[in-house]
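Since the structure comes first, as structure tokens, the remarks are kept for the end.
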Amino acid sequence: MRIDTKLQVNIFLPIAITLLILLILASAMAGRAEADRNNAAALSLLSEMTQLNQRTYYYLLYHEERARREWFSIYDALAALAGRLDLSDPEQAAVVERIRRNLGEMRSIFAERIVGEGQAGRGSGQLLKERQDRLSSQLLIRARSVTGDAYHLYELSASKLRRADAKANTLILLLLLASVLVTLSTLFPMNRKLSSSISRLAAGASLIGKGNLDHRIGISTDDEIGELSAAFDRMTASLKATTVSRDELAAEVTRRKRVEEALRSSEAILKQAGQMARLGAWHIEFVNELDPDRNPLHWSDEVYRIFGYEPGGVTVTNALFFGHVHPDERALVRSAVAEAIAKRVPYSVEHRIVRTDGSERFVLEHAEIFFGPEGRPARMIGAVQDITERKRAEQAVRISEESYRAVFNSSNDAIFIHDIETGRILDVNDTTLRLYGYTRDEIRSVNVERLSEPVSGFTQQAALEALRKAAAGEPQIFEWLARNKAGRTFWVEVSLKRATLGGNDRLLAVVHDIDERKRNDEAFRRVSQQNELILEHAGEGIFGLDLKGMVTFVNARAAHLLGYHRGELMGTHSHTTWHYRHADGSAYPPADCPIYAAYKEGAVRSGEEIFWRKDGTSFPVDFTSRPLYVSGRITGAVVIYRDITERKRAETELRESEERFRVMYEQAAIGIEMLDLGGRYLSGNGALGALLGYSEEELQQLTFASVTDPDDLARELPLIRELLEGRLPSYSIEKRYRTRTGAAVWVRVTSSLARTSRPYRISIIEDITERKRGEQELTRLVGELERSNKELEQFAYVASHDLQEPLRMVASYVQLFERKYKGSLDDKADKYIFFAVDGVKRMQKLIDGLLAYSRVSRGASFGPVDMNRAFGQALANLMIAVREAGAVVTRDELPRVTGDETQLAQVFQNLIGNAVKFRKRGETPRVHVSARRADGGWLFSVADNGIGIDPQYAQRIFQIFQRLHSREEYPGTGIGLSLCKRIVERHGGDIWVESEPGRGATFTFSIPERMP
Amino acid sequence: MLKRRRIIVLAILAALAIGLAAVQLRHPDGGQERRALAIAVSFDPSSAPIFVADAKGFFRDEGINASLLMHMTGKAALGTMLKGKAQFATIADTVLMFAGMDGLPIRCVTVIAESTRHHRVIALRSSGIVRGEDLRGKRIGVPARTTGEFFLYTFLLFRGIRFSEVTLVDLQPEQMLAALEQGRVDAVAAWNPTAGRLTQALTARAIEFSDENYLMSWNLVVPGALTTADPAVIRKVLAAMRKAQRFMEQQPEAAVSITSRYSGTEPDLLRREWQSYRFGLRLGESLLIDLEDQARWAVKFYYPRRAIPDFTCYLYGDGLRAVDPSAVGIRDERVP
């Protein structure tokens, strides 16, 4: 762009931006005015809806004609207002649409309910009442929905209004900022660019003037300065074309000198290196085609030394060289030279030479052949190295290796060679390959785990552990369960030790196959162990007796039952140790012994006997004695016996128990009945007969169903079914029996099933007629009380809700009034506004308190409550008040109770809050919460050092709305302590205060451990 | 030339930095890993704001990686949430009421939608049913303890029929068509999309009834513990749903299309029904009155002599209050 055009743009741009700002401002103001209108309309809607709410409640309570007319009147106004609302914002429009639809439905529900009122007197009954209740609920749901939506709409429009203001302000600010930025961003770069270009132009001209013809100004802008710069650069280039350079020659001379110096130094190093490596250089010129042996050969000093000459001590020719080549290998060397020339490949050969002193050496030669322009070989340059020492070492290793391999493979045991670091298999002998069935290559690629049975203890990890120990110098010998390639498992004995092989540290594992031996040992051990275990763990005592009655075997159980050690019994005669007397103490001759009869008569004998312990006591046993045959001949007897003391005792107890039951059954003061599974009486005791007026014989003709009240029978039958099916062990039921005279008696029946060979049902019958009468009376009274309480709560709840609605209206309008007119009227008006706002706030607090009070009995269900946590919650809520008062609130460790955590926290909050509020002037308020156990529960105390309470008011302070101080002195609603009392009572506890004026107060409340 | 190139590079870098900052402002969680959560949703079109939030990426914008677990009923969705497999669930007011009566540890964070035409009674003409009053003495299938049952109760009440005068058959939505075709029931009480599908499948064999005496509310609930453990995630989900709500108001046709795809409702059917839903996130006293009203019904049929709980314990307003303060009309919801 030309410079004059830029200057014009810089003048017109700010003017255009200013016009744009004015345009946007006008548009924003228009938007704000619309938002203001919508906000006012939404407020009117909210106001009308509040009135409709009140009328709805009023009508639902009193059903008055006047209330109905008013309802329709307010409704029509509200519907018209909602119909007029035309909002462009989709969110607000959606809310309005919802309001309209709910309003429409409200009207039809209200009308339908009025129709229902008309039918009420015509005996439509319970169904109509339910229907009216449903309509009332639906009406209230929609009324609340519309109220909520109206409030939402009001807030949305208010928020839009605020956004419109903020948007206008932001836009103006942004445009102003943009204007400044645009001006700066055009003017500043233009000025800077101009001054920079001119400076560059001046500096360039100065340099060129001093003779620097390589310099270019290089300004490429499309304005006047760019054109001037291009003209300067063209002129400088023309001048430059006539000038030459002169310094290049001197630079080349210096470079070559440096190269020569480097070459000399490199040559000296090479010579030294050759001597150290016994490496010499040679070259030969192929000048004599007729006699190649006469071709001149040139050796470095080291080549002379390798062949046994002093450097330069002889004239070398090809013939001389071949004279030193070992006669057996001359043909090889010549052939290598000929091949290299023919194939034009590098010459390389390893051969022996004979030195001047006659000794043999090994040399390695490499050479390159260079060919002339006609393709003939012109020159050959090579190197020769003495490798005698290396060759000798290789030969020694080869011999050693072959010997070792022969020994290695001839071993009958498998041998593994492992890497000492990784445990990897490096080599194995032929026996290993046969034993494991792998090829040599395969076995090198497997680990020890593949060669082992995959069971615990034979893992790669265990193998590595053994390898590690051996590697540490600790030889290992152990048995291992191996597996070959085909999957066959077999036992081996592994001997593992560290060894140095071929100069390397290795681990050598010698594996000996012990499978057969191992399997034989194992089979024998298993059979022996099994037999031993069977005898040892038999529940019965077992003896082996020979033909003389001497003990030849005794198991642990037999010895234990008799109180002997096994060793004490072996070889003894049974009739001298444990079978020598009858139960009455008389001697037991062996001739009468039924145990001996087994081997005497060759028959199995069994029965009950008395055995005698070592300590002289006896016990009854149940025994079996069998003859013991060896090769078809009786060699003794096996006696198996069992202690039957417990069985004998149980039999005695059963007899006694039956006797006791019979007496109890006949003499019991409560009824007992026994019924077969069909419900027929098997028997009934005297008490039952007296209760029902039947004799036992008469009862046996009846079923329990025939004497049970039909209403109660339906309840009992499912229980009986569950009992008979075994799903219930027993059941209890309270029911009515009908006596012989038809009178009802209340009884508590506890029934269970006797699972004998012929099962029957047995029941205990308790006469509870008197108790039942008392309960019915109590239930009636409690019901009355609950209903009365519920009605009161419901009243408080609904009243608080209803109070909230007009109050929200008053609050909205008063706050609107305060926002618009505060400061615009006189001081008095400001004061009145303050009173109104303050009054509304207090009223809201009062209603909130009342709502909380009425909701106490609707609280959450009881659960475990950590009172430390409840205290923490309360303190968190009081944080600001506590901080402002500088109060110190402390607590002991508090217990866990069963209750409603939120409500208990509320109790702490109210009591601690009061303690902080009613503090003494000039003294740091101190509050301490403690707990102690009391009968069946806990006592919690909140003690303070505040102003205290006169004991005469100790009861009054817990009544709702009762205050001891003026609101100006101590603000509050008079609900806090009554709320505490209600909560504590809901928990089954009590609350009281101990205090004196000026000496602080201690509020104590109790919470029972278990709820009543 | 070099200087000019440097200026261009600097300008590009500055533009990139501004762009990144803008993205960061738009997606405050962009730099962090997204919070993964599951929402158990019923196929019911009332869940449209959740479908739209998912389809339009509003959850992602709020730094949430939400996965929707679809269920046939809100009751089933609640079951999934209670098993700990989801952090949110959509359920109807009746299911919320039963949860309150049973003391389940859940809290409602917002009402999503309301509808009076959501439920239908679909009856077989072959059973001699031509008017609502003809249902007396019939077998009617309905999922127990759902809005369907409460709707049926109301429907019958307004036709002078006691609940005891019909035989109720506990029937899940997916079993209804077979039960009607096999004659196991004479009628069913169903809701969309099942109601629409039944009408289409049975064509002239069926007759459909509805009335507007029950305003059903559709709600989003969370496990009670979430309100203390992670209230931020509730705010984020509600913020995403509010964006979805705005989208639905501005582009209703696109919202219908998305909801049709997610709920499996025929687009034409859904388009016809769309106006009967009153979408809008809010939490007000109308829900409390609704729950208490239904609880009185439940006490009569399911919980004899049981006290009605304080349902404010089952509401949680702080989430929605943070997103849209004036949408919350309750003030003293309690910790249960």
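The values are calculated or read from the model by the stated rules, or taken from the named source; none is laboratory data. Being a predicted model, the structure only gives us computed values, none of them experimental. Cβ placement follows ideal geometry from the backbone for every residue including glycine, while neighbour counts extend to all protein chains displayed. These area figures cover heavy atoms from the full protein model, side chains too; ligands, DNA and RNA do not enter into them. Shrake-Rupley method; radii C 1.70, N 1.55, O 1.52, S 1.80 Å.
Return the inverse of the average 1/r over all pairs of distinct C-alpha atoms in the stretch A:292-344, which is the Kirkwood hydrodynamic radius, in Å to one decimal.
Result for the stretch A:292-344 stands at 12.1 Å.
Could you run the numbers on buried accessible area between A and B, total for both chains, 1.4 angstrom probe, in Å² to the nearest 100?
What A and B bury together is about 3900 Å².
Please work out the Cα convex hull volume for the stretch A:90-237 and give it in Å³ per residue.
Convex hull of Cα atoms, per residue: 167 Å³.
For the stretch B:200-301, what is the charge dipole size about the Cα centre, in debye to the nearest 20, if Lys and Arg each add +1 at the Cβ and Asp and Glu each add -1 at the Cβ?
With only Lys, Arg, Asp and Glu charged at Cβ, the dipole is about 420 debye.
So which residues of the stretch B:273-295 lose at least 30 Å² of accessible area, probe 1.4 Å, when you go from the chain by itself to every protein chain present?
B:Gln275, B:Arg278, B:Arg282, B:Glu285, B:Ser286, B:Ile289, B:Glu292, B:Asp293
State the Cα centre-to-centre distance between the stretch A:403-427 and the stretch A:17-36 in whole Å.
99
Specify which residue in the list B:Val130, A:Ile399, A:His298 is farthest towards the positive end of the charge dipole of the protein assembly as shown, using unit charges on the beta carbon of Lys, Arg (+1) and Asp, Glu (-1), about the Cα centre.
Farthest along the dipole direction, towards plus: B:Val130.
Could you name the lysines whose alpha carbon sits less than 16 Å from that of A:Lys210, not counting residues in the same chain fewer than 8 places away?
A:Lys240
Distance between Cα centroids, the stretch A:365-402 to the stretch A:313-345: provide it in whole Å.
Centre-to-centre (Cα) distance: 11 Å.
Explain nothing, just compute: Karplus ³J(HN,Hα) = 6.51 cos²θ - 1.76 cosθ + 1.60, θ = phi - 60°, for every residue of the stretch A:950-957 in order, whole Hz, x for Gly and Pro.
3J(HN,Hα) across the stretch A:950-957, in whole Hz: 5, x, 5, 9, 4, 8, 4, 5.
Indicate the helices, whole DSSP H runs only, in chain B that combine a mean Kyte-Doolittle hydropathy of 0.5 or more with a Cα extent along their long axis of 30 angstrom or more.
Counting only whole DSSP H runs, the qualifying helices are B:2-26.
Read phi for every residue in the stretch A:413-423 and hand back ³J(HN,Hα) as whole Hz from Karplus 6.51 cos²θ - 1.76 cosθ + 1.60, θ = phi - 60°, with x for Gly and Pro.
Coupling constants for the stretch A:413-423: 8, 6, 10, 10, 10, 10, 5, 5, 7, 9, x Hz.
How about A:Lys548: which lysines have a C-alpha closer than 25 Å to its C-alpha, ignoring those fewer than 8 places off in the same chain?
Within the straight-line cut-off, A:Lys548 pairs with A:Lys600, A:Lys614.
Out of all Cα-Cα pairs in the stretch B:190-297, roughly what percent, to the nearest whole number, are more than 20 Å apart?
Pairs farther apart than 20 Å: 58 percent.
What are the equivalent ellipsoid semi-axes of the stretch A:1-106, built from the alpha-carbon gyration tensor (square roots of five times its eigenvalues), in whole angstrom, biggest first?
56, 12, 8
Accessible area per residue of the stretch A:656-742 at 1.4 Å probe, in Å²?
55
Largest first, how would A:His283, B:His118, A:His565 line up by accessible area (1.4 Å probe)?
A:His565, A:His283, B:His118
Translational D (Stokes-Einstein, µm²/s) of chain A at 10 °C and 1.306 mPa s when Rh comes from the Kirkwood sum over C-alpha pairs?
My calculation gives 33 µm²/s for D.
Run down the lysines and flag those whose C-alpha is under 28 Å from the C-alpha of A:Lys129, throwing out any fewer than 8 positions away in its chain.
Hits, sequence-local ones excluded: A:Lys790, B:Lys138, B:Lys300.
Report the Cα-based extents of the stretch A:401-553 along its three principal axes, largest first, to the nearest Å.
Its Cα atoms span 76, 29, 25 Å along the three principal axes.
Run through all the Cα pairs of the stretch B:22-152 and give the fraction in each 5 Å bin from 0, expressed as whole percent.
In whole percents, the pair-distance histogram is 2, 9, 16, 17, 15, 12, 10, 7, 5, 3, 2, 1, 1, 0.
222 nm [θ] for chain A, helices only, -39500 (n - 2.57) per DSSP H run of 4+, per residue, to 500?
About -18000 deg cm²/dmol.
What is the percent of Cα-Cα separations in the stretch B:80-174 that go past 19 Å?
Beyond 19 Å sits 51 percent of the P(r) for the stretch B:80-174.
What's the carbon and sulfur percent of the protein assembly as shown's accessible surface, probe 1.4 angstrom, rounded to a whole number?
Of all accessible area on the protein assembly as shown, carbon and sulfur atoms account for 55 percent.
With respect to the cross-link table entries A:Lys160/B:Lys243; A:Lys271/A:Lys343; A:Lys167/A:Lys822; A:Lys841/A:Lys917, which display a Cα-Cα separation exceeding 22 Å?
A:Lys271/A:Lys343; A:Lys167/A:Lys822
From largest to smallest, what semi-axes in whole angstrom does chain B give when each is the square root of 5 times an eigenvalue of its alpha carbon gyration tensor?
With the √(5λ) rule applied to chain B, the semi-axes are 43, 24, 15 Å.
All other residues with a Cβ under 11 Å from the Cβ of A:Asp413 taken together, and with Lys, Arg as +1 and Asp, Glu as -1, what is their net charge?
So the surrounding residues net to -2.
Using only the Cα atoms, work out Rg/Rh for the stretch A:478-631, with Rh taken as the Kirkwood radius, to two decimals.
1.34
Work out the P(r) tail for the stretch A:81-169: percent of alpha carbon pairs separated by more than 23 Å, whole number.
Result: 43 percent of Cα pairs exceed 23 Å.
Please give, to one decimal in nm, the separation of the simple spin-label points placed at B:Lys85 and A:Arg192, each 7 Å out from Cα toward the Cβ.
Each label point is offset 7 Å from its Cα along the Cβ direction, giving 6.5 nm.
Would you mind estimating how fast the stretch A:367-409 diffuses translationally, via Stokes-Einstein at 4 °C and 1.567 mPa s with the Kirkwood radius over Cα pairs, in µm²/s?
In µm²/s, the coefficient rounds to 92.
Comparing the chain by itself with all protein chains present, which residues of the stretch A:80-98 are at least 40 Å² less accessible (probe 1.4 Å)?
Buried on complex formation: A:Pro90, A:Glu91, A:Arg98.
How many Å² of accessible area per residue for the stretch A:374-431, probe 1.4 Å?
Accessible surface, normalised per residue, equals 57 Å².
Mean Kyte-Doolittle hydropathy of 0.5 or higher plus an axial Cα length of 24 Å or more: which whole DSSP H helices in chain A meet both?
Correct list, ordered by number: A:3-62.
Heavy-atom accessible area per residue, the stretch B:107-211, 1.4 Å probe: how many Å²?
Normalised by residue count, the accessible surface of the stretch B:107-211 is 34 Å².
Using a 1.4 Å probe on the protein heavy atoms only, what accessible surface does A:Glu734 show? Give it in Å² to the nearest 10.
Rounded to the nearest 10, the figure is 40 Å².
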